[in-house]
Amino acid sequence: MPFAHLGLSEPLQRAVAARAYLAPTPVQAAAIPAVLRGADVWASAQTGSGKTAAFALPLLELLLTRRPGGPRRVSALVLAPTRELVAQIGESFRAYARFLPVPVKVAAVFGGVSINPQMMALRGGADIVVATPGRLLDLVDHNALSLSTVGTLVLDEADRLFDLGFADELNRILALLPARRQNLLFSATFPPAVQSLASALLRDPVRVEVPVEPATKPDILQRAIEVDPPRRTQLLRHLIETNDWSGVLVFVATKYATEHVAEKLRKAGLNATALHGELSQGARTQALADFKAGKVRVLLATDVAARGLDIARLPVVVNYDLPRSPTDYTHRIGRTGRAGESGTAISFVSAGTHAHFQLIEKRNRISLPREQVPGFEPVELDAPPSPAGGGIKGKRPNKKDKLRAKLAAEQNPAVPAPAPLQPGKRPAASVPRSEPKELFPLLPRLPLRPRRR
Ligand code: AMP
């Protein structure tokens with residue numbers, strides 16, 4: 001079905017043509033007419049499926065009809081979990097709006113940078129606000145904007161909004177919105193928290209489910225390579241060089257590891273840089289811009305930093321450390337193979353993370369042959385013992401879990417509960433100090449990450 005049949009006006013069709021979109025993706029074909037009708041939408045769409053345009057295009061179309069004369073009022077509010085995603089969605093809106101007959105003002109606001117320029121930018125109002133929840137509330141508290149005119153609320157990557165601890169902020173924001181409004185919820189997965197939000201929020205929603213089947217799944221070759229943890233950096237370097245990869249996004253578990261592995265690769269002559277949540281916003285933007293421009297060949301990133309990134313022509317994603325949950329695996333590998341391009345996703349698996357990877361495979365209904373690279377065959381055959389109360393779940397400990405672990409430790413002092421890792425601190429080393437430690441087998445449960453604003 002061509003874009004012309006979806007009910008979008010000519011300037012929007014021209015904008016998608018200018019971006020060389022030939023036809024709508026399945027999520028666009030299903031969601032755009034529903035949003036234009038004013039229906040609520042519940043979309044389970046994988047990352048890279050074109051979901052941003054699935055809400056941005058019809059919202060711009062609605063704006064043309066909705067926009068009253070007089071001062072600008074916020075007509076649509078889009079909430080997304082990370083700064084990078086917010087910035088990216090803001091850019092997409094602007095690109096799609098470029099041929100519209102009236103200028104559309106899109107404000108993209110997120111934490112980690114000074115609030116003042118954002119307050120200034122909101123003077124005179126905005127038509128569309130894209131925001132991380134914490135910064136949005138800060139701006140409301142500063143009377144920089146009012147949400148009382150929002151006609152459509154979009155929750156993008158709703159599962160990750162909960163993962164990152166934004167539940168309280170979401171509730172506060174919902175209380176500030178008009179009761180009568182359209183709600184669009186996009187999520188790659190629907191864990192219980194998202195399901196209950198969906199049933200509380202959505203009225204008679206149009207369900208859009210884009211099945212992850214070979215026909216619609218991005219063209220991603222998934223591979224699992226067995227390697228001992230201390231040899232991962234060397235193997236990574238070997239793979240980059242022998243395959244001559246032009247750009248590689250490498251996921252590691254900690255901020256420390258991003259820096260450390262980047263440093264080692266740089267010493268080996270590869271242009272590598274780190275991307276993690278504790279870098280300043282300027283440094284993050286720069287790292288990303290350099291990677292996108294091909295100035296940096298290897299980007300070492302934590303999940304938080306890499307969430308939602310849209311990097312055109314990213315051929316390879318490497319799970320240097322395995323993701324915590326099967327859901328994170330889906331998100332990570334979705335960074336490559338976007339919008340019809342092919343890509344490769346490689347996971348490093350060791351004796352200690354073998355069981356965890358099996359769980360990821362099971363939940364994602366995949367089964368990958370284990371490969372070994374000559375010269376890097378693993379020698380560590382036995383998995384380290386599972387820690388007390390461990391379990392390789394895709395879930396962080398809640399207060400009850402922590403309490404239970406504490407009680408168990410008190411009742412049985414001979415089996416100490418695993419000490420939680422302090423953010424930013426390295427675990428005690430039992431592998432050579434030169435390699436970042438593999439976190440999963442030893443620390444299956446990291447403490448909750450501090451909320452990002
Ligand atoms: P998203 O899932 O929204 O992050 O989009 C993933 C990528 O697909 C982005 O680079 C979009 O520009 C691109 N894209 C979105 N819609 C289409 C389309 N209909 N045809 C080709 N590419 C698209």
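Just so you know, all these numbers are worked out from the coordinates, no wet-lab data involved. Every value quoted in this text rests on a predicted model; they were computed, and no experiment measured them. A quick note on method: Cβ atoms are made from the backbone with ideal geometry, for glycine too, and the neighbour counts reach across all protein chains shown.
The magnitude of the dipole of the range 3-209, with charges of +1 and -1 set on the Cβ of Lys/Arg and Asp/Glu and taken from the Cα centre, is near 680 debye. In a fully extended conformation the segment linking E263 and I115 would gain 50.0 nm over its present Cα-Cα distance, using 0.36 nm per residue. For the residue pairs K264/K292; K51/K292; K51/K264; K105/K255; K295/K362, the alpha carbons lie more than 27 Å apart in K51/K264; K105/K255; K295/K362. Overall, the range 219-371 carries a charge dipole of about 100 debye about its Cα centre when +1 sits on the Cβ of Lys and Arg and -1 on the Cβ of Asp and Glu, all other atoms neutral. Residues whose amide H comes within less than 5 Å of that of V154, counting only those at least five positions distant or on another chain, are L77, V78, L79, L184 (H built at 1.01 Å from N in the peptide plane). Placing a label point 7 Å from the Cα of R207 along the Cα-to-Cβ direction, the residues of the range 10-39 whose backbone N falls under 19 Å from that point are 26-35, 39.
For the range 219-371, the percent of C-alpha pairs falling in each 5 Å distance bin, counted from 0 to the bin holding the largest distance, reads 2, 10, 21, 25, 22, 14, 6, 1, 0. A Förster radius of 56 Å combined with the Cβ-Cβ distance from N271 to L64 puts the calculated FRET efficiency at roughly 0.80.
As a proxy for reagent exposure, R123, R284, R72 were ordered by neighbouring Cβ count within 10 angstrom, fewest first; the result is R123, R72, R284. The ranking of E91, E226 by Cβ neighbour count inside 10 Å, starting from the fewest, reads E91, E226. One equal scatterer on each Cα of the range 3-209, no solvent, Debye formula: the resulting log10 I(q)/I(0) at q = 0.09, 0.12, 0.15 Å⁻¹ is -0.30, -0.55, -0.90.
Each of L322, T344, L275 was placed along the dipole of the range 219-371 (beta-carbon charges, centred on the mean Cα), and the one lying farthest toward the positive end is L275.
Backbone amide hydrogens, once placed in the peptide plane, bring V318 within less than 5 Å of L249, V250, F251, I346, excluding anything fewer than 5 places away on its chain. Counted by neighbouring Cβ atoms within 10 Å, the residues Y96, Y320 run from fewest to most as Y320, Y96.
Of the peptides 4-10, 199-205, 73-79, 268-274, the ranking by mean beta-carbon count within 10 Å, highest at the top, reads 73-79, 268-274, 4-10, 199-205.
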